[in-house]
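The values are calculated or read from the model by the stated rules, or taken from the named source; none is laboratory data. Being a predicted model, the structure only gives us computed values, none of them experimental. Note that each Cβ is placed from the backbone with ideal geometry, even for glycine, and that neighbours are counted across all protein chains shown. Keep in mind that these areas ignore ligands, DNA and RNA; they rest on the heavy atoms of the full protein, side chains included. Shrake-Rupley method; radii C 1.70, N 1.55, O 1.52, S 1.80 Å.
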Amino acid sequence: MKITINGEAINLDIDPETPLVWAIRDHLGLTGTKFGCGGGYCGACTVHVEGKATRSCITPLETVADKAITTIEGMPQNGELHPVQAAFLEHQVPQCSWCMVGQMMTAAAFLAENNTPTEAEIVNAMGSNYCRCGCYVRIKAAVTAAAETMQEAN
Amino acid sequence: MTSDEITNTKRKRRFWRPTRRQFLIGAGATGVVAAGGLYFGIPFARLQIAEVLDSGAGAPGGVDADPPLWFEIQPNNDILFHMTKVEMGQGIHTALKQIAAEELGAEWDQIKVVSAGTLRGPNDGFGTGGSSSVPTMYGPIREAAAAMREMLRLKAAEKLGVAAADISIANGIATASAGDNLTYGEIVADVTEWAELEETPVLKPQTEFEFIGKTRPRIDFESKLTGEAVYGFDARMDGMLYGAVVRPTHIEATFVSADISAAQDIDGVVDILVTDDFVGVVAESRYAAQKARDAIDVTWDTGKLWQQAELEALVSVGNGRATAIQREGSGAKALQSGKLISADYRSPMAAHAHLEPQSALVEVTPDLVTVHASTQSPSLVQGEVAEALGVEEDIVDVKALYLGGGFGRKLNNGSAVDAARLSAHVGRPVHVGWDRTEEFRNGYVRPLTHSKLTAKLGADGLIESMSHEQASGDVAFPFFPAIAASFLGADFGAWRGGRIQYDVPNRETVAWRTPMPLKTGWWRGLGLMCNTFAVECFIDEVAQVAGMDPLEFRLKHLGADEKTAQLKMVLQAAAEAADWGAPLPEGHAQGIALSTDVGTPCAQVAEISMENGRIRVHKVTAAIDPGLMINPDGVLAQTQGSIIMGLSSVFNEELIVKDGMITAENFNNYPLITMKETPEIDVVLLESTGIPKGMGEPPIGPIAAAVGNAYFALTGERLRRLPLRPTPPVADVAAAGDPTRGEEVYNQCIACHGDQGSQIPGLDYGLNDSEWLAKSSDTDIFDVIRNGRAGDHPDNISGINMPGFGQLSDQEIYDVVAYLRALP
């Protein structure tokens with residue numbers, strides 16, 4: 001099976017039904033993508049498939065053949081953090097941070113579509129990613145700030 | 001130095017073990033040189049830790065034995081700080097580094113925090129939890145750091161041929177007044193003998209602090225936000241395999257037999273281990289391991305098929321063993337006559353739901369067992385793994401990696417034992433990461449609680465007598481030898497937060513210990529939030545009888561001594577910041593509550609309204625006084641996080657047992673709070689003393705009570721059970737509705753309930769059944785429609801899902817109930 005991950009085409013000779021999250025973490029060694037629930041509920045495993053936020057724990061590998069996948073490892077550009085990562089760092093958002101990669105991938109895909117979001121739109125976009133440590137106040141602030149950076153960049 | 005060398009050094013050092021007496025005589029400081037660096041630790045620090053723990057409220061265990069080792073100086077002048085406390089999100093690595101940096105005489109970036117393996121670092125038998133890390137480590141780490149700095153000063157003086165007083169130290173460099181200097185790395189090079197200090201070095205006064213008390217960015221965030229940080233679930237080793245273990249489905253199930261024939265043929269399966277109490281698969285990939293595990297046909301003896309109602313009956317005041325944990329004045333005797341006010345409160349079981357399931361990578365070889373795990377207690381895991389394998393503890397090196405949340409669940413780590421057994425079986429490293437269903441069904445849970453409160457007012461309108469009887473499943477006892485329970489009687493984890501804090505002449509708290517048939521244990525704050533919910537809602541009830549404002553009533557019962565004066569200050573600070581008593585928007589109300597835990601008081605004001613029949617929390621204002629704050633932004637983060645985690649319990653969280661099983665299997669039937677329900681949070685940080693106190697749990701105390709009290713203020717209805725599920729605002733629901741409008745609403749129900757309520761899926765009557773309608777109250781019907789009744793809900797009859805219609809407004813539900821009432 002061929003997939004493209006962070007711009008690199010890779011041949012993976014494993015069970016095509018393998019959930020994408022295991023293919024990425026265990027077979028490709030990209031452990032930045034996290035596993036949380038296996039049912040698509042919590043969002044910890046969110047990656048981009050063709051730019052769309054996708055829950056990799058319920059995405060069988062065979063469904064992404066020949067598609068472009070981006071994980072957190074592919075987010076920095078030219079050695080610089082993605083504006084969403086930079087904002088999460090600046091706002092000291094995480095606690096344990098297990099969910100944060102999924103939060104950032106969700107936010108980045110959302111802001112790529114809409115970089116002038118209202119507060120309600122942010123809450124709606126981020127409203128199905130769990131954070132057990134309860135960092136929601138800071139996540140909201142960081143996504144708002146990242147939107148501003150992304151507007152300026154345009 | 002390679003890790004083998006370190007291990008060897010360490011093993012040798014086990015035989016070189018000065019006695020406590022020697023340590024004390026030697027003013028406490030001892031260094032030992034190993035290849036490539038100075039290992040350094042201080043025994044008196046260790047003794048202090050043990051002392052603090054012994055005197056702390058119920059903190060178990062102690063730090064026992066073995067050469068302590070905190071700092072290691074490297075030739076390149078880096079200082080490795082061997083950290084025994086684990087980073088699970090609470091920011092402890094940053095905070096302890098700040099504490100060490102204050103006395104090390106080194107630059108911030110020079111200090112590198114590394115996780116201390118159980119064969120390398122100081123032995124920390126207590127683990128990370130109980131909001132204890134900063135309070136217990138604050139003194140010892142500063143002393144260790146200062147002692148090392150002074151020993152380096154002496155050695156530098158000797159090497160440079162000057163007096164010690166002639167040496168100044170900064171940035172990890174010792175400089176003589178003449179200008180000659182040596183880095184720490186250079187001082188340490190080639191030294192084999194270290195003089196012990198004659199006296200404990202004087203520590204920097206607080207006024208000169210450069211690191212402590214200043215907000216510092218967390219040292220772990222950059223790697224966490226780029227995905228590079230390694231957690232237990234991320235651990236990797238060459239040649240590793242993946243394991244998955246079959247778990248019992250029922251809470252009392254015992255293993256009978258397993259048929260592994262189908263599983264064996266699955267591609268990628270390496271081996272399957274079946275013993276008389278364990279069935280586990282090892283495979284080339286995690287997917288294959290889990291697939292094979294699911295293909296194993298296991299026969300269980302299910303044991304008793306417990307129901308939720310039976311568990312609640314079990315955990316009730318009056319059952320089990322009672323131990324008084326507070327009795328002053330005439331205690332509860334004063335409540336035998338007169339006008340008594342009383343109420344009952346209950347809280348459900350809850351899951352920790354840390355988002356990183358527990359996980360471990362273990363490699364078993366004949367003389368070394370290496371464990372990389374997500375654990376709050378490497379030393380507990382060391383013992384468990386050694387026992388499971390039948391080896392000595394001192395060949396088990398447990399290294400804690402980052403934890404994706406702990407909340408009390410990761411004190412033990414069953415996955416390390418799983419992985420150790422499987423690795424021993426196949427002779428290769430094995431990683432086991434639990435899945436979400438294992439976490440929900442096979443962990444330990446926050447136990448049920450029941451509280452019975454009684455009070456009597458005196459002639460002055462203040463509380464003259466009050467009693468709190470509290471029943472709970474075990475919290476701390478499951479982790480101690482049985483002797484502890486018979487000796488202590490009451491489980492200190494279960495009653496945490498349950499004692500009456502207010503100035504009341506006659507007061508009594510009694511804990512009823514009612515062990516449950518499923519595993520129960522530590523959950524953030526232990527009993528704190530649920531006990532505070534009961535006590536602080538009840539105080540509001542009494543205030544209402546007394547005809548007094550809840551804040552004013554509380555203030556009148558605080559301030560008689562220093563401790564309650566501190567509570568009073570925190571309460572006032574929260575009330576002031578929240579503008580208590582000022583006019584609020586239409587339909588809003590406030591509630592207030594207070595708790596104190598590990599010496600840290602916290603007060604919160606919740607402002608709520610109702611939205612579609614649900615409580616909407618708009619804002620929580622908190623005041624907290626943790627004493628000296630090491631990293632103020634960390635204190636803020638813990639407060640915000642505790643409030644949000646607590647609200648998740650207030651709105652949603654409830655583990656249910658049905659037919660002997662925990663019904664939750666994933667987040668679809670155990671949802672957590674999201675950003676959508678998160679309120680604005682305003683925090684006032686107070687610092688009334690120069691001593692740091694616990695911070696990770698105290699702010700979860702008041703939240704449930706604050707919301708419950710706000711709900712009462714808004715509606716006049718008292719909710720005495722968590723999660724808070726408001727009943728509909730009108731008593732006569734059908735009369736408030738309009739059947740014609742209801743018919744339109746009913747269009748959404750036709751698919752399942754047929755024309756004019758002719759059927760209920762799976763049942764032999766319809767919604768138009770006159771017998772059913774007669775025996776059902778309006779509010780019951782309202783409730784089912786709004787909240788639904790999941791297939792696994794204890795009240796569900798058919799086993800089929802009735803979806804909730806929370807999106808309907810109260811009025812629409814009144815209308816549809818009126819429509820149903822008009823059907824027959």
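Rolling a 1.4 Å probe across the protein heavy atoms gives the stretch B:364-422 an accessible surface of 29 Å² per residue.
Interface between chains B and A: roughly 4400 Å² of accessible area buried, both sides summed (probe 1.4 Å, protein heavy atoms only).
Charge dipole of chain B (Cα centre as origin; +1 on each Lys and Arg Cβ, -1 on each Asp and Glu Cβ, all else neutral): 1440 debye, rounded to the nearest 20. For the listed peptides B:687-696, B:401-410, B:330-339, a ranking on the average number of other beta carbons within 10 Å per residue, highest first, reads B:401-410, B:687-696, B:330-339. State whether chain B is rounded, prolate or oblate according to the following rule on the C-alpha gyration tensor (a ≥ b ≥ c being the square roots of its eigenvalues): a/c under 1.5 gives rounded; otherwise a/b larger than b/c gives prolate, and the remaining case gives oblate. Note, shape of chain B comes out oblate. Note on A:25-35: average number of Cβ atoms from other chains within 10 Å of each residue's Cβ is 5.
Between the stretch A:13-69 and the stretch B:296-350, the C-alpha centres lie 45 angstrom from each other.
Highest-first packing order for the peptide set B:435-447, B:271-283 is B:435-447, B:271-283, based on the mean count of other beta carbon atoms within 10 Å. A:Lys2 exposes around 110 Å² of accessible area when a 1.4 Å probe is run over every protein chain in place.
Contact-buried residues of the stretch B:656-684, at a threshold of 10 Å² lost accessible area versus the chain by itself: B:Asn666, B:Phe667, B:Asn668, B:Leu672, B:Ile673, B:Thr674, B:Met675, B:Lys676, B:Thr678, B:Ile681 (1.4 Å probe; DNA, RNA and ligands ignored). Using R0 = 56 Å, the C-beta based FRET efficiency linking A:Asn11 and B:Ser777 works out to 0.30. In summary, the helical segments of chain B meeting the span-like criteria, namely a full DSSP H run, a Cα extent along the axis of 20 angstrom or more and a mean Kyte-Doolittle hydropathy of at least 1.0, are B:528-546. For the set A:Lys140/B:Lys97; B:Lys214/B:Lys410; A:Lys140/B:Lys693; A:Lys52/B:Lys291; A:Lys52/B:Lys410; A:Lys2/A:Lys52, the pairs lying more than 26 angstrom apart at their alpha carbons are A:Lys140/B:Lys97; B:Lys214/B:Lys410; A:Lys140/B:Lys693; A:Lys52/B:Lys291; A:Lys52/B:Lys410. Here the protein assembly as shown is assigned +1 on the Cβ of each Lys and Arg and -1 on the Cβ of each Asp and Glu. Its dipole about the Cα centre then comes out at about 1800 debye. Accessible surface computed residue by residue for the stretch B:733-821, with neighbouring protein chains in place and a 1.4 Å probe, gives 51 Å² per residue. For the set B:Glu384, B:Glu198, B:Glu208, the ranking by accessible area, highest first and with no ligand, DNA or RNA atoms included, is B:Glu198, B:Glu208, B:Glu384 under a 1.4 Å probe. Normalised by the number of residues in chain B, the mean separation of alpha-carbon contacts (under 8 Å, six or more apart) gives a relative contact order of 11 percent.
Partners of A:Lys67 within straight-line reach, counting aspartates and glutamates whose Cα lies under 17 Å from its Cα and excluding those fewer than 8 residues away in the same chain: A:Glu8, A:Asp13, A:Glu17, A:Glu50.
Taken as Cα centroids, the stretch B:380-398 and the stretch B:547-572 sit 50 Å apart, rounded to the nearest whole angstrom.
Over chain B, dividing the summed -39,500 (n - 2.57) contributions of all DSSP H runs of at least 4 residues by the number of residues returns a 222 nm mean residue ellipticity of -9500 deg cm²/dmol. Extension gain for B:Lys619-B:Asn747 works out to 42.4 nm (0.36 nm per residue, less the C-alpha to C-alpha distance). The dipole here belongs to the stretch A:83-153: it is taken about the Cα centre, uses +1 on the Cβ of Lys and Arg and -1 on the Cβ of Asp and Glu, and is about 340 debye. Of all beta bridges that DSSP places with both ends in chain B, some 75 percent have antiparallel geometry. Neighbouring Cβ atoms from other chains, within 10 Å of the Cβ of residues in B:81-90, number 2 on average. FRET efficiency for the pair B:Ala343 and A:Ala112, taken as 1/(1 + (r/R0)^6) with r the Cβ-Cβ distance and R0 = 51 Å, rounds to 0.45.
Under 29 Å of direct C-alpha separation, and excluding same-chain neighbours fewer than eight residues apart, B:Lys339 reaches these lysines: B:Lys452, B:Lys456, B:Lys556, B:Lys568. Taking 7 Å steps out from each Cα toward its Cβ at B:Ile800 and B:Arg327 produces label points 5.7 nm apart. Counting only other chain Cβ atoms within 10 Å of each residue's Cβ, the peptide B:180-187 averages 0.
In this simple spin-label model, placing a label point 7 Å from the Cα along the Cα-to-Cβ direction at both B:Asp259 and B:Asn171 gives a separation of 7.4 nm. Given a 1.4 Å probe and the protein chains as shown, A:Thr70 ends up with an accessible area of around 40 Å². Farthest towards the positive end of the charge dipole of the stretch A:2-74, among the residues A:Ile24, A:Thr70, A:Tyr41, is the Cα of A:Tyr41, using unit charges on the Cβ of Lys, Arg, Asp and Glu.
Across the stretch B:579-672, the relative contact order, built from alpha-carbon pairs under 8 Å that are at least six residues apart, equals 16 percent. Here the protein assembly as shown has 49 percent of its accessible surface on carbon and sulfur atoms, given a 1.4 Å probe and all protein chains in place. Sorted largest first by accessible area at a 1.4 angstrom probe radius, with every protein chain in place, the residues B:Trp434, B:Trp306 fall in the order B:Trp306, B:Trp434.
When A:Met1, B:Met675 are compared by accessible area of protein heavy atoms, the largest-first order is A:Met1, B:Met675, using a 1.4 Å probe.
Inter-part distance, the stretch B:249-271 to the stretch B:147-174, computed on C-alpha centroids, equals 64 Å. Lys/Arg Cβ at +1, Asp/Glu Cβ at -1, dipole of the protein assembly as shown taken about the Cα centre: which of B:Leu462, B:Val745, B:Ala258 is farthest positive-ward? Sorting the options by dipole projection puts first B:Leu462. From most to least packed by mean Cβ count within 10 Å, the peptides B:587-595, A:41-49, A:56-64 give A:41-49, B:587-595, A:56-64.
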